Amino acid sequence: MRLLVCGGAGFIGSNFVRQRVDEHGDEVVVLDKLTYAGRRENLAGVAHTFVHGAIEDPDQVAGAIEGVQAVVNFAAETHVDRSIAAPDAFVRTHAQGTYVLLEAARAAGVRYLQVSTDEVYGSIAEGSFTETSPLAPSSPYSATKAGADLLVSSYFHTFDLPTLICRGSNNYGPYQYPEKLIPLMVLNAIHGDRLPVYGDGMQVRNWLFVEDFARAIGHVLAHGRPGEAYNVGGPDECANLDVVRRIIELTGGAESLIEYVADRPGHDRRYSLGSEKVGALGWAARVGFGEGLERTVAWYRDNAPWWEPIRSGDYRAYYERQYGRALGAGGVSGS
Ligand code: NAD
Ligand code: TYD
């Protein structure tokens, strides 16, 4: 199958492209704007055609979609903290970008899969969200993702476009940009930098290894029913503080590196997804959190050439703005 994968140079998109090419023999066209989070290095060694462009650019999209059988859209701004600091790119990419892609898929008459998130349902104190739970997003990130999901569904109902939505829980694994909890804590622990825990650290996330999510997306693309959304939850839930403690153990860091910092405004307390519907299609997670975290720590330890340019570039300025301290100035061993 020939696929257009938008945002395929990012974390989950690149894992998906690698899987489709290596395991399924698909031909893949990647359309990616290469924001700070998108990197050609993420696709090193993977055969694909690369188009540098934005999903909100109709001309770029029209060229990239030619001859494909399906569109899978990962392209997004993905960090909640950045959506609080500067929401504009989130509105542009999620609203305008998704609209442009839907129009192009409609003109080409091809299947369209939108990659979405558990965050569109908001926070849940107990139990798990199902696909019929109301959308109740709480950050500019999740609100614009929810808006995109609604637009996708409207193209099914109004124009009969064969659409699918996959809502994943928190992903982790190789190639994740170190602004997100797990890679940030792994790299800081390796360098002896402080480990900034927001609020009381008792927020719970439902961790999903990236290869499992990538496989679920491929599975839904092949077997999902048009017009439907599918939740893809990870096998394990874990409070942030426990995640950080496990990373300290795996990296040989010190517990004293933990630093409680100001909480994120509007911080969602807990996410949890039930995966029965995607399970009925034949998907199940294969990697538990213990194994996945070990593999992730090992990958970052073994792939310094991947993260060294990040930690020495613009990321330093981001880090200073976000945490009010310079990277590597944690006062422990520094980097
Ligand atoms: P990421 O930030 O690592 O990658 C996003 C990619 O999209 C980058 O390559 C970036 O360059 C590209 N991009 C951004 N704006 C673009 C635009 N306007 N046009 C073209 N390309 C653009 O993100 P990720 O973590 O891989 O997330 C991918 C998708 O999965 C997103 O839609 C996200 O909402 C969803 N998701 C993420 C998680 C998670 O835990 N990371 C969980 C569930 C769902
Ligand atoms: P994150 O990886 O940003 O994902 P999301 O906000 O999409 O769930 O954050 C995961 C959890 O970790 C979330 O509860 C916020 C918390 N967190 C920290 O405590 N410290 C940090 O430095 C970061 C980046 C996140």
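A few points about this structure:
- Taking a straight Cα-Cα cut-off under 26 Å and skipping sequence neighbours fewer than 8 places away in the same chain, the lysines within cross-link reach of LYS33 are LYS145, LYS180.
- Note that the range 270-282 has calculated 3J(HN,Hα) couplings of 8, 10, 7, 10, x, 10, 4, 5, 6, x, 5, 7, x Hz, one per residue in order, obtained from phi through the Karplus relation 6.51 cos²θ - 1.76 cosθ + 1.60 (θ = phi - 60°); glycine and proline are x.
- Among ALA216, ALA64, ALA262: highest mean-square fluctuation, GNM of the chain, C-alpha pairs under 10 Å: ALA262
- In this structure, the amide hydrogen of GLU228, modeled 1.01 Å from its nitrogen in the peptide plane, lies closer than 5 angstrom to those of ILE165, counting only residues at least 5 positions away or on a different chain.
- Averaging 1/r over every pair of different alpha carbons in the range 219-282 and inverting the result gives a Kirkwood radius of 15.3 Å.
- Label-point separation, SER312 to ALA262 (7 Å along Cα→Cβ), nm: 3.2
- Counting neighbouring Cβ atoms within 10 Å and putting the fewest first, the residues PHE156, PHE209 line up as PHE156, PHE209.
- Angle in degrees between helix 210-223 and the longest Cα principal axis of the chain, rounded to the nearest 10: 10
- On full extension, the segment bounded by GLU131 and ALA85 gains 13.6 nm, given 0.36 nm per residue less the C-alpha separation.
- Separation of the range 298-313 from the range 26-104 is 24 Å, based on Cα centroids.
- Value of D in µm² per second that Stokes-Einstein yields for the range 2-45, Kirkwood Rh from Cα pairs, at 4 °C (1.567 mPa s): 127
- Degrees between helix 140-159 axis and first principal axis of the chain (Cα, 0 to 90, nearest 10): 10
- The label-point distance for ALA304 and HIS52, in a model that sets each label 7 Å from Cα toward Cβ, rounds to 2.9 nm.
- Inter-site label distance for ALA280 and GLN96 at 7 Å from Cα along Cβ, in nm: 4.0
- Gaussian network model of the chain, Cα within-10 Å springs - most flexible of LEU31, LEU150, LEU113: LEU150
- Kirkwood-based shape ratio for the range 137-232, expressed as Rg/Rh from alpha carbons: 1.08
- For the range 128-278, the relative contact order comes to 35 percent (Cα pairs under 8 Å, sequence separation of at least 6).
- Each of MET202, MET185, MET1 was scored by other Cβ atoms within 10 Å of its Cβ. Arranged with the fewest first, they read MET202, MET1, MET185.
- Nearest-ten-degree value, helix 181-191 long axis tilted from longest Cα axis of the chain: 40
- Counting DSSP beta bridges with both ends in the chain, the antiparallel % (nearest 5): 10
- In the elastic network of the chain, a GNM with C-alpha springs shorter than 10 Å, the most mobile of SER128, SER153, SER272 is SER128.
- Enclosed volume per residue, in Å³, of the convex hull spanned by Cα atoms of the chain: 120
- Counting beta carbons within 10 Å around each of ASP59, ASP22 and listing the fewest first gives the order ASP59, ASP22.
- Using the Karplus relation 6.51 cos²θ - 1.76 cosθ + 1.60 with θ = phi - 60°, the per-residue 3J(HN,Hα) values for the range 55-63 come to 5, 8, 9, x, 5, 4, 5, 4, x Hz, with x marking Gly and Pro.
- Calculated over the range 1-82, the projected area of the Cα convex hull averaged across directions stands at 5.1 nm².
Every number in this text was worked out from the coordinates using simple rules, so none of it is lab data. Remember, it's a predicted structure, so these values are computed and weren't measured experimentally. Glycine gets a Cβ as well: all are built from the backbone with ideal geometry, and neighbour counts include every protein chain shown.
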